[in-house]
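I have placed the structure first, in the form of C-alpha cells, so that the comments after it can refer back to it.
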C-alpha cells in the first residue's frame, strides 16, 4: 500500500497478524487505522511519511496491543509501541515503562511529556524533527533531563 495517495482509512483484516516495514509509508491522505484482533507485530516504519494519521484503533479482543491516549501500546500498557504521526502533543500514559525504539518514527509531535514510570527509552524512540518541548517527570528514577538532554542517572 506504500505511496497510495488517496487511501484515507484502513481496516486491517482479521487474518493479518503483522504489519511489515513501509506497508503504509507515504500514504499522504491516510488518517484512520484500525488494527485487527489477531495482529501481534508491527514494524515502526509501517506508517513513515504518512503524516495525516490521526487515530489508531484496536479491538479489546487483541491480546498483544491496545490503544491508550490515542497511542499504540502493548495490551498491558507497559510499552509504547507507536504514535500516530499527526498527534501534536503527546502525554505518554503513566502505565508506560518502556518507549520502544522508533516509537515516534515520522511523528509530527511538537511536545512530549514523559512520566515517572518510564524506565527504558529505545534507540531513536524520541526521534522527531518537530519536537520543541520535552517534559520529563522530576520523579523519574531512571532518567534525568538537563540542558535539553535526557540521560540515564546511572551513567
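Quick note: the coordinates plus some simple rules give every number you see, no bench work behind them. A quick note: this is a predicted structure, and the numbers were derived from the prediction, not measured. Every residue, glycine as well, gets a Cβ built from its backbone with ideal geometry; the counts of neighbours run over all protein chains shown.
Between residue 124 and residue 41, how high is the FRET efficiency from 1/(1 + (r/R0)^6) when r is the Cβ-Cβ distance and R₀ = 25 Å? Nearest 0.05.
For R0 = 25 Å, the calculated efficiency reads 0.85.
Shown here: the range 43-94, whose C-alpha atoms stretch 28, 22, 16 Å along the first, second and third principal axes, sorted largest to smallest. Projecting label points 7 angstrom from Cα along Cα→Cβ for residue 94 and residue 4 puts them 4.0 nm apart. Averaged over residues, the count of other Cβ atoms within 10 Å places the peptides 122-131, 109-118 in the sequence 109-118, 122-131, highest first.
Sort the range 1-84 into rounded, prolate or oblate with this rule: let a ≥ b ≥ c be the square roots of the eigenvalues of the Cα gyration tensor; rounded if a/c is under 1.5, and if a/c is not under 1.5, prolate when a/b is larger than b/c, oblate otherwise. Because a/c hits 1.5 or more and a/b exceeds b/c, the range 1-84 counts as prolate. For the chain, averaging the sequence separation of C-alpha pairs within contact (under 8 Å, six or more residues apart) and dividing by the residue count gives a relative contact order of 14 percent.
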